[in-house]
Amino acid sequence: MTTVPDIESVGVVGGSLGGLFQAVALTELGLDVTVWERSSGRPDDRGAGIVLQPSVAWFLNMFCGVDPDRISVPVTHRQFFSQDGRSHHTLMRQQMISWGALYTSLRDRLDPARYHDGQQVTALASRHDGVDVHLGDTVHSVDLAVIADGSASRHRGLVAPDSAPRYAGYVAYRGVIAEADLTEDLSAVFRDRFSFYDGDRTQFLCYFIPGDFGTTAPGERRMNWVWYVRADAAGLDRITTDRNGTAHGLSLPPGLIAPRVHDELLDRTRRLLPEPMRELVEHTREPFTQAILDGRVTRMRNDRMLLTGDAAFVVRPHTAASAEKAAADAITLFTALQQVPSLDGALRAWEKNRLAEGMALYQHGVGLGHRLGLGGPATPAAAAGPTG
Ligand SMILES: Cc1cc2nc3c(=O)[nH]c(=O)nc-3n(C[C@H](O)[C@H](O)[C@H](O)COP(=O)(O)OP(=O)(O)OC[C@H]3O[C@@H](n4cnc5c(N)ncnc54)[C@H](O)[C@@H]3O)c2cc1C
């Protein structure tokens, strides 16, 4: 039996991490939750590595029955390289998880009958006491709709018009390598460490994450690296146009990098990176790319429609808090619906909290990017890049 006033059914638009956090938490409240996800089958392990933050760890423990220690790789130190390969380190304990292990833990918690993949939500329409969710010619009526359709959100404008994210002027090249494919010497350099190289208007970082199926046994893990590199709008276009000439817009999946772009990456690697990091990039068969975006909203609620995850704020990855923010969106909604006696009061309290936290994180991320020399707030000119 539901404990929430006025609502029994919830529709979630988008079944990635943001949608799954909400779906799992709202199911825990006893609500009748349905998720619609545009893509079919299990998505790629798109995010590769994620720093495990407190809300995600709490969510896994409390709502998924998963011990985060079981699916994460611990690091004990931060290690800082200079270009000549020398390094120093400081004590800082953290845990690293993979996008795939997190996604699987959330999906496993949800009744498969509640998750409809290959189903694109084409429109949402408010009505007196709920929302109509349109999937082509089919309409589902729900009491509350949670919009979790990501940074390129099609439905954001129903809650926060004119809030599309902007390109921040740099990209993340990324790579994942099986630990077994690294030499023992190279592996030892990075073991138990979160490693950084801060260069001139560039940053490289790397850490071990769980292997396939979430395994954390030494030798079966994967090395995850990220390299932030500045690129103007035309450069972004070139980097995310694949080997067949198809433009992908804001990200390029593994296996598609154009040979010319890959050669340039390797050339830049040899010129700029410290030795052990250079080896990582050279060992990577299928680097992939993601544009860095700035996105903020001034509203996260329009009556019974809510924005969550990257559909609301898109924060820079230096905060290591995108997944954390999505988990906190869900935990805060759970708590508000449970504790505030009226639906309107609960949703107002939720929006106030999430707007404040989202804006603080957004500004923190822009500040970090600026300090790294990568770029301050995105400008309209920088936004001229592809948006697909
Ligand atoms: C390529 C990539 C790499 C990332 N790497 C990291 C990382 O390393 N560390 C980290 O902390 N965070 C990372 N993030 C961010 C992190 O994954 C997200 O911030 C967090 O998971 C919340 O995302 P989301 O679910 O709100 O949006 P998304 O992950 O973008 O998911 C949106 C989902 O909505 C679906 N969708 C879109 N439109 C519709 C529609 N009309 N109908 C139905 N479904 C729809 C999409 O198919 C997609 O599955 C990454 C994100 C991306 C896109």
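Only one of the numbered conditions (1) within 14 Å of the ligand (Cβ to nearest atom); (2) closer than 24 Å to ASP212 by Cβ; (3) open to solvent by 40 Å² or more (accessible area, probe 1.4 Å) is not met by ARG38, and that is (2).
Each residue in region 147-172 was checked for being open to solvent by less than 70 Å² (accessible area, probe 1.4 Å), within 20 Å of the chain's Cα centre (by Cα) and away from the ligand (no atom under 12 Å from the Cβ), and 5 of them qualify. Would you confirm, using the coordinates I've provided, whether PRO341 is open to solvent by less than 10 Å² (accessible area, probe 1.4 Å) and in contact with a Pro (Cβ under 8 Å, 6 or more places away or on another chain)? It is false that PRO341 is open to solvent by less than 10 Å² (accessible area, probe 1.4 Å) and in contact with a Pro (Cβ under 8 Å, 6 or more places away or on another chain).
Just to be sure I understand, how many residues within region 288-312 are buried (at least 22 other Cβ atoms within 10 Å of the Cβ) and part of a loop (DSSP other than H, G, I, E, B)? So the answer is 5. Condition check for ILE50 on (1) within 15 Å of the ligand (Cβ to nearest atom); (2) closer than 18 Å to SER322 by Cβ; (3) modelled with pLDDT of 95 or more: one failure, at (3). Within region 280-308, the residues that satisfy the criterion of being within 25 Å of LEU374 (Cα to Cα) and within 19 Å of the chain's Cα centre (by Cα) are PRO287, PHE288, THR289, GLN290, ALA291, ILE292, LEU293, ASP294, GLY295, ARG296, VAL297.
Just so you know, in region 180-235 the residues that are basic (Lys, Arg) and not in a strand (DSSP E or B) include one that is most open to solvent (accessible area, probe 1.4 Å), and it is ARG201.
In region 185-202, the residues that are among the aliphatic types (A, V, I, L, M) never reach a residue that is assigned to a strand (DSSP E or B) with C-beta atoms less than 6 angstrom apart, at least six apart or across chains. Taking the criterion of being more than 8 Å from the ligand (Cβ to nearest atom) and either surrounded by 21 or more Cβ atoms within 10 Å (Cβ to Cβ) or among the charged types (D, E, K, R) (or both), the residues of region 9-20 that qualify are VAL10, GLY11, VAL12.
The values are calculated or read from the model by the stated rules, or taken from the named source; none is laboratory data. Remember, predicted model here, so these are calculated numbers, not experimental data. Note that each Cβ is placed from the backbone with ideal geometry, even for glycine, and that neighbours are counted across all protein chains shown. Surface areas here come from the heavy atoms of the whole protein model, side chains and all, with no ligands, DNA or RNA. Shrake-Rupley method; radii C 1.70, N 1.55, O 1.52, S 1.80 Å.
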